[in-house]
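Step one of this worksheet: look at the structure below.
The values are calculated or read from the model by the stated rules, or taken from the named source; none is laboratory data. Predicted model, so just to flag it, every value in this text is computed and none were measured. Cβ coordinates were reconstructed from backbone atoms using ideal geometry, including for glycine residues, and neighbour counts include every protein chain displayed. The protein model used for the area step is the full one, side chains on, heavy atoms only, and it has no ligands, DNA or RNA in it. Shrake-Rupley method; radii C 1.70, N 1.55, O 1.52, S 1.80 Å.
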Amino acid sequence: MISHVTAFGSNIFRTSVIPSLAHPEWEDLVITSPSYYDQIGGAPVVRDVVDAFYVRVLADDDLKPYFAGIDMPRLKRHMVVLLCSVLGGPEPYEGRDLGEAHAGMGVTSEHYDKVGEHLFAVLRAGGVGEDILRDVGLVLGKVKPSIVTGLADTPAETAG
């Protein structure tokens, strides 16, 4: 399936063309549906999800050290824009490269996975469907190699 995101006014639509249906008689056959961003309720819901996400992450003793000295309001703003973009929102993410932003932090695979679990928990609690969670999981899997360093050190050991 080939997906395209198209904006009509304030509505964002994900258009999917199924290649197996690519027949001359069906050239104009497309499936159009609201983006995941619109399906979950847009920016207000994403902001709530991000707030709940960081409450969970900062309460996790394994993850909390990664955020020592971090400007959390700024980080939350970046995360809102990033998650909106992942969900097909109207604005593309134009922040720092994720590998660059996490360089030197010593993020382990275990800790990366825990962050993902917290994200999935708050998305599920917000009523996000399994199809959206699957696609978010695909994105998390795709960017994981650029964030995880493979080091076994804890954040406190890395910093100190």
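Points to keep in mind about this one:
- Put simply, when 102-110, 45-53, 89-97 are sorted by average Cβ atoms within 10 angstrom per residue, most first, you get 45-53, 102-110, 89-97.
- Each residue, residue 74 and residue 134, gets one label point 7 Å from its Cα in the Cβ direction; the gap between the two is 3.9 nm.
- Applying the Karplus relation 6.51 cos²θ - 1.76 cosθ + 1.60 with θ = phi - 60° to region 139-147 yields 3J(HN,Hα) values of 5, 4, x, 5, 8, 3, x, 7, 9 Hz, where x marks Gly and Pro.
- Whole-percent carbon and sulfur share, accessible surface of region 45-138, 1.4 Å: 54
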